[in-house]
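Here the structure is laid out as structure tokens; the discussion comes afterwards.
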Amino acid sequence: MGTLERFAEAKLAALAERQLRRTVHETAPCGAVRVKRNGRPLISFCSNDYLNLSQHPAVKRAAVEATERWGAGAGASRLVTGNHPLFAELEGRLARLKGTDDACVFGSGYLANLGIVPSLVGKGDLIVADELSHACLRAGAALSRSRVEIFRHNDLDHVEALLTTHRAGHERALLLTDGVFSMDGDLAPVAALAEIAAAHDTWLMTDDAHGVGVVGGGRGSSFVGGGKAEVPLQMGTLSKAVGSYGGYLCAAQPVIDLIRTRARPFIYSTGLPPGAVAASIAALDLIANDPDLVAAPLRKAALFCARLNLPAPESCIVPILLGAPERALAASRLLEDEGFLVAAIRPPTVPEGTARLRLTFSAGHDDADIARLADIVRDRILDRDAR
Ligand SMILES: *Cc1c(COP(=O)(O)O)cnc(C)c1O
């Protein structure tokens with residue numbers, strides 16, 4: 001065995017020792033919320049397909065028809081020949097949903113953040129980011145080579161203090177946060193952050209991967225409570241509630257034009273396949289026109305929380321904090337034995353000591369299944385803590 005293989009094996013052994021080795025499991029979707037794993041049918045409470053649109057007949061049909069008409073792949077970067085006719089329609093719809101001039105679609109949400117952040121700030125600039133911001137916002141920040149200051153989760157006083165101390169010494173500044181936090185399910189105080197950012201000539205960027213289609217009437221975290229927070233950079237993904245694939249930024253025209261000119265994952269990566277773009281367009285139509293569907297996931301999460309006497313959820317993501325990775329893994333295995341697929345989330349995805357079950361609720365979940373799941377969590381997972 002060469003040094004490469006020995007390195008990989010030693011690294012894996014060390015991770016396995018700490019219960020942090022990860023593996024992929026083949027999981028076949030069977031309709032909206034059911035999957036098959038190792039030949040067993042399970043009800044999944046760990047998909048981000050909150051509206052089950054990946055399985056919606058109109059969405060699937062749009063993907064098939066676009067594939068038949070335009071082909072399976074885009075063939076090149078959008079700046080070369082990959083800008084097939086569906087992109088303009090999708091970007092127009094996203095801009096309307098978010099109330100901006102225009103939008104720019106990327107290959108994925110991760111790629112979007114790697115592209116957007118370094119296009120706007122660089123050496124000599126400042127980034128202030130929530131400590132629980134998604135890994136790809138942090139990766140975009142690192143790539144930009146700006147000074148990065150991290151604030152305590154949702155702590156407005158800390159944001160204010162960091163900007164008061166550091167803003168003046170830097171030319172441009174960006175404030176980064178998730179709109180809905182991916183592993184905790186809580187909302188960022190977007191309107192208050194927008195005010196602080198504006199007062200310090202700092203550009204607020206929200207990553208609304210888990211907000212669009214679910215909160216703010218489906219328009220995302222800038223629209224929670226009925227108003228519209230002044231967020232000049234609204235980023236998100238098409239791969240969660242939209243049920244397809246791809247990432248986007250919604251912003252003012254010159255900002256989008258700059259992103260299309262300078263964002264490296266936009267320039268140097270192939271455009272999304274026509275089928276994925278068409279599926280997103282069809283899904284956004286459903287989100288814009290079916291308020292009952294949009295309201296359903298949060299209602300389902302609320303049923304679960306009420307049965308466990310947990311605080312009312314702010315999104316359809318509900319974490320059950322268990323602490324040690326092995327406890328989260330054991331809880332996940334117990335639920336799998338009961339027919340439920342619920343992911344154990346471990347560091348470094350979440351901070352040390354906060355391994356958890358992460359439950360996600362979708363429009364298609366059955367109320368009786370939610371009740372049975374809640375009872376098992378209460379009686380066989382959390383009960384240990386009560387004693
Ligand atoms: C999933 C996620 C992303 C990445 O989006 P993809 O389209 O899956 O690459 C970005 N930000 C947050 C907060 C996410 O949860």
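At-a-glance table
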| read-out | value |
| --- | --- |
| Translational D in µm²/s for region 175-304 (Stokes-Einstein at 10 °C, 1.306 mPa s, Kirkwood Rh from C-alpha pairs) | 101 µm²/s |
| In nm, spacing of pseudo-spin labels at residue 131 and residue 329 (7 Å Cα→C-beta vector) | 2.6 nm |
| Gyration tensor over alpha-carbon atoms, region 234-317, equivalent ellipsoid semi-axes in Å | 33, 16, 12 |
| Calculated log₁₀ intensity ratio I(q)/I(0) where the Debye formula runs over C-alpha points of region 176-222, q = 0.23, 0.30 Å⁻¹ | -0.75, -1.06 |
| Cβ crowding within 10 Å averaged over residues, with 243-253, 340-350 ranked highest first | 243-253, 340-350 |
| Globularity index of region 104-190, i.e. its alpha-carbon radius of gyration over 2.2 N^0.38 Å | 1.06 |
| Hull shadow area, averaged, region 53-171 [alpha-carbon convex hull, nm²] | 10.1 nm² |
| Two-site label geometry, residue 166 and residue 321: point separation in nm, points 7 Å out along Cα→Cβ | 2.5 nm |
| Segment residue 228-residue 367, extension gain: residue separation times 0.36 nm, minus the distance between their alpha carbons | 46.8 nm |
| Region 222-292: relative contact order as a whole-number percent, Cα under 8 Å and 6+ apart | 26 percent |
| Unit charges at the beta carbon, dipole of the chain: most positive-side option, 83, 362, 232 | 83 |
| Pairwise label distance in nanometres, residue 27 with residue 267, each label 7 Å out on the Cα-Cβ vector | 3.7 nm |
| nm² value of the averaged projected area, convex hull over the Cα atoms of the chain | 21.2 nm² |
| Extent along principal axes [Cα atoms of region 312-375; Å; largest to smallest] | 33, 29, 16 |
| Rounded to the nearest 20 debye, dipole of region 144-189 from Cβ charges on Lys, Arg, Asp, Glu | 340 debye |
| Extreme residue, positive dipole direction of the chain, given options 190, 35, 298 (C-beta unit charges) | 35 |
| Rg(Cα) / (2.2 N^0.38 Å) computed for region 1-112, rounded to two decimals | 1.56 |
| The chain, dipole about Cα centre (Lys/Arg Cβ +1, Asp/Glu Cβ -1), debye to the nearest 20 | 920 debye |
| Distance histogram for region 148-192 (every C-alpha pair counted, 5 angstrom bins, percent rounded to whole numbers) | 5, 19, 30, 23, 14, 7, 2 |
| Region 226-275: C-alpha gyration tensor shape, a/c 1.5 cut-off, then a/b vs b/c | oblate |
| Rg to Rh quotient for region 262-387, alpha carbon positions, Kirkwood Rh | 1.09 |
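Only the coordinates and a few stated rules stand behind these numbers; no lab work does. This one's a predicted model, so the numbers in the text were calculated from it and none came from an experiment. Glycine gets a Cβ as well: all are built from the backbone with ideal geometry, and neighbour counts include every protein chain shown.
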